[in-house]
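Student: Quick one: structure below, then a few questions.
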Amino acid sequence: MKNRGFEIIEEYKDKDIRLPERKTKYSAGYDIESAIDITIPAYKKGIKPVLIPTGLKAYCNNDEYYIVANRSSNPIKRHLVLSNGIGIIDADYYNNEDNEGHIQFMFYNFNNEDITIHKHDIIGQIIFNKYLTIDNDNAKGTRKGGFGSTDKK
């Protein structure tokens, strides 16, 4: 039985994607790499965040989720900030019908210059967690897609 882990999505199977790993035995997070070279433009009013693909999906138990978090050095060294602070990804995002559960990081670049991220650069980390529910919880909905799909009917 599989509990939690990472897989490469079909679109990236032949693109030299490396599975995440923890670098030290007390690390909470698994380091995540960019799947491509990509430039994040300097921030200007009205600009949208840039999605950086990882080529990965992750699975976990039904009572778990994972956090997509920025690399701690990104804001200081590169002026890169996750547009959503952190990402919370539910267990049912895995293999969803829209994007197979593809994990992507959304960044703003608050530097005065464009920043280029290269393939295999570590861009963030993923931390797996359990969650609790309240006594009278009655959630029955099912996921119908990828990003922003929780409210889709």
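Student: Can you tell me which residue within the stretch 3-29, out of those that are within 18 Å of Ala69 (Cα to Cα) and hydrophobic (A, V, I, L, M, F, W, C), is nearest to the chain's Cα centre (by Cα)?
Tutor: So, considering only residues that are within 18 Å of Ala69 (Cα to Cα) and hydrophobic (A, V, I, L, M, F, W, C), the one nearest to the chain's Cα centre (by Cα) is Phe6.
Student: Select from the stretch 63-82 the residues that are more than 30 Å from Asp137 (Cα to Cα) and in a loop (DSSP other than H, G, I, E, B) and write down the one among them that is farthest from the chain's Cα centre (by Cα).
Tutor: His79
Student: Still on this model: Report every pair of residues separated by at least 6 positions or lying on different chains whose Cβ atoms are under 6 Å apart, first residue within the stretch 94-119 and in contact (Cβ under 8 Å) with a residue 60 or more places away in the chain and closer than 26 Å to Asn61 by Cβ, second assigned to a loop (DSSP other than H, G, I, E, B) and among the hydrophobic types (A, V, I, L, M, F, W, C).
Tutor: If the second residue must be assigned to a loop (DSSP other than H, G, I, E, B) and among the hydrophobic types (A, V, I, L, M, F, W, C), the pairs left are Glu100/Ile9; His102/Ile9.
Let's see how each residue does on (1) touching a residue at least 12 places away in the same chain (Cβ under 8 Å); (2) of a type in the set (A, V, I, L, M, F, W, C); (3) over 25 Å from Asn111 (Cβ atoms):
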position: Glu7; (1), (2), (3): yes, no, yes
position: Glu10; (1), (2), (3): yes, no, yes
position: Leu19; (1), (2), (3): yes, yes, yes
position: Ile38; (1), (2), (3): yes, yes, no
position: Pro41; (1), (2), (3): yes, no, no
position: Lys48; (1), (2), (3): no, no, no
position: Thr54; (1), (2), (3): yes, no, no
position: Glu64; (1), (2), (3): yes, no, yes
position: Arg71; (1), (2), (3): yes, no, no
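Student: Read through the list (1) of a type in the set (A, V, I, L, M, F, W, C); (2) in contact with a helix residue (DSSP H, G or I) (Cβ under 7 Å, 6 or more places away or on another chain); (3) free of Cβ contacts under 8 Å to residues at least 60 places away in the same chain, then give the number of the only condition that Cys60 fails.
Tutor: Only one criterion in (1) of a type in the set (A, V, I, L, M, F, W, C); (2) in contact with a helix residue (DSSP H, G or I) (Cβ under 7 Å, 6 or more places away or on another chain); (3) free of Cβ contacts under 8 Å to residues at least 60 places away in the same chain is unmet by Cys60, namely (3).
Student: So, one more: Working only within the stretch 92-133, note down all residues that are surrounded by fewer than 16 Cβ atoms within 10 Å (Cβ to Cβ), modelled with pLDDT of 95 or more and of a type in the set (Val, Ile, Thr).
Tutor: Thr116, Ile122, Ile127 - these are the residues of the stretch 92-133 that are surrounded by fewer than 16 Cβ atoms within 10 Å (Cβ to Cβ), modelled with pLDDT of 95 or more and of a type in the set (Val, Ile, Thr).
Student: Could I ask something else about it? Only one of (1) free of Cβ contacts under 8 Å to residues at least 60 places away in the same chain; (2) out of contact with any Cys (no Cβ under 6 Å at 6 or more places or on another chain); (3) surrounded by fewer than 20 Cβ atoms within 10 Å (Cβ to Cβ); (4) closer than 23 Å to Phe128 by Cβ is not met by Ala28, so which one is it?
Tutor: Checking Ala28 against (1) free of Cβ contacts under 8 Å to residues at least 60 places away in the same chain; (2) out of contact with any Cys (no Cβ under 6 Å at 6 or more places or on another chain); (3) surrounded by fewer than 20 Cβ atoms within 10 Å (Cβ to Cβ); (4) closer than 23 Å to Phe128 by Cβ, the one that fails is (1).
The values are calculated or read from the model by the stated rules, or taken from the named source; none is laboratory data. Here the structure is a predicted model, which is why all the values come from computation and not from measurement. Cβ sites come from the backbone with ideal geometry, for glycine too, and all protein chains shown count toward neighbours.
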